[in-house]
Number of protein chains: 2
Amino acid sequence: MTSATTLEDKIFLALADPSRRAIFESLTGGEAAVKDLTARFDISQPAVSQHLAALREAGLVQGRREGRHVYYRVEPRGLTPLVDWITHYRAFWTERVGKLERLLERMDK
Amino acid sequence: MTSATTLEDKIFLALADPSRRAIFESLTGGEAAVKDLTARFDISQPAVSQHLAALREAGLVQGRREGRHVYYRVEPRGLTPLVDWITHYRAFWTERVGKLERLLERMDK
DNA sequence: ACAACACATAAGTATTTGCTTATACGTTGT
DNA sequence: ACAACGTATAAGCAAATACTTATGTGTTGT
């Protein structure tokens, strides 16, 4: 059987690596081609591509081909499962976040 | 030089492992001794202790010795750095979270 | 058509990781 | 005091991971 890795697993795993997180953070500054990212970090182009693949499979980024370039950008809703996970354990947060949650619930009605 | 691992790194790394996340989630149900956790999961006691050590170093749980037992519980503010990290990239979230943020700001006034 | 470019994939390797068993440490009850 | 218990640490090992270089796959300009 193939490993039953959930999306949640993939997200946590994708963000666990500092290089990958750095690439993700860099993309929040705007779309960038693999070439650009390779220039920004001190790792090889294949390494960048591999990181991007992991981020893509986690739903955190998206690639768009344009000519010979592939431009990657942050997937806006990609972090949602992570937010949901945290929200699920909101009882252990600060009081501030607790209040915030309650407001949200009232808002939904 | 020794790896200059930040707390943020440790948190992401700690939560990356499904077993460790399961232990953390289990602790949100209330305080538990190592023995209890060992009973709940299908791994050895040393494995549990090792996971707990990683979680503790990440500031996610806290241990309290009582007799020969050590009771672990979730550190309420432990997830804060993770929340902060996500919040920093909130511009890429769903609209729902955007609304939530705005509500919070109004609330603070 | 073809050379150069941009990227992805393959294959190999050193390191890290998550587990195990064995053992040390600390506490308690009798 | 000492045996049993609960936990932490040590040592070792198999698997996963993050990189590398080499090569494959598309695309463009001339």
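Details
- When restricted to residues that are loosely packed, with under 13 Cβ neighbours inside 10 Å and small (Gly, Ala, Ser), region A:60-69 contains 1.
- Single condition residue B:30 does not satisfy, out of (1) loosely packed, with under 13 Cβ neighbours inside 10 Å; (2) under 16 Å from the mean Cα position of the chain (by Cα); (3) closer than 30 Å to residue A:22 by Cα: (3)
- Count of region B:47-65 residues which are without any contact (Cβ under 8 Å) to a residue 24 or more places away in the chain and either hydrophobic (A, V, I, L, M, F, W, C) or touching a Ser or Thr at 6+ places or on another chain (Cβ under 9 Å) (or both): 2
- Filtering region B:1-38 to residues that are more than 13 Å from DNA strand C (Cβ to nearest atom), more than 10 Å from chain A (Cβ to nearest Cβ) and part of a helix (DSSP H, G or I) leaves B:7, B:26, B:36.
- Condition broken by residue A:78, with the remaining ones in (1) modelled with pLDDT under 95; (2) assigned to a helix (DSSP H, G or I) satisfied: (2)
- Here is the figure for region B:39-59: residues that are buried (at least 19 other Cβ atoms within 10 Å of the Cβ), away from chain A (no Cβ under 14 Å) and either more than 9 Å from DNA strand C (Cβ to nearest atom) or in a loop (DSSP other than H, G, I, E, B) (or both) total 1.
The values are calculated or read from the model by the stated rules, or taken from the named source; none is laboratory data. Please read all numbers here as calculations on a predicted model, not as lab measurements. Quick reminder, even Gly has a Cβ in these numbers, built from the backbone with ideal geometry, and neighbours come from all protein chains shown.
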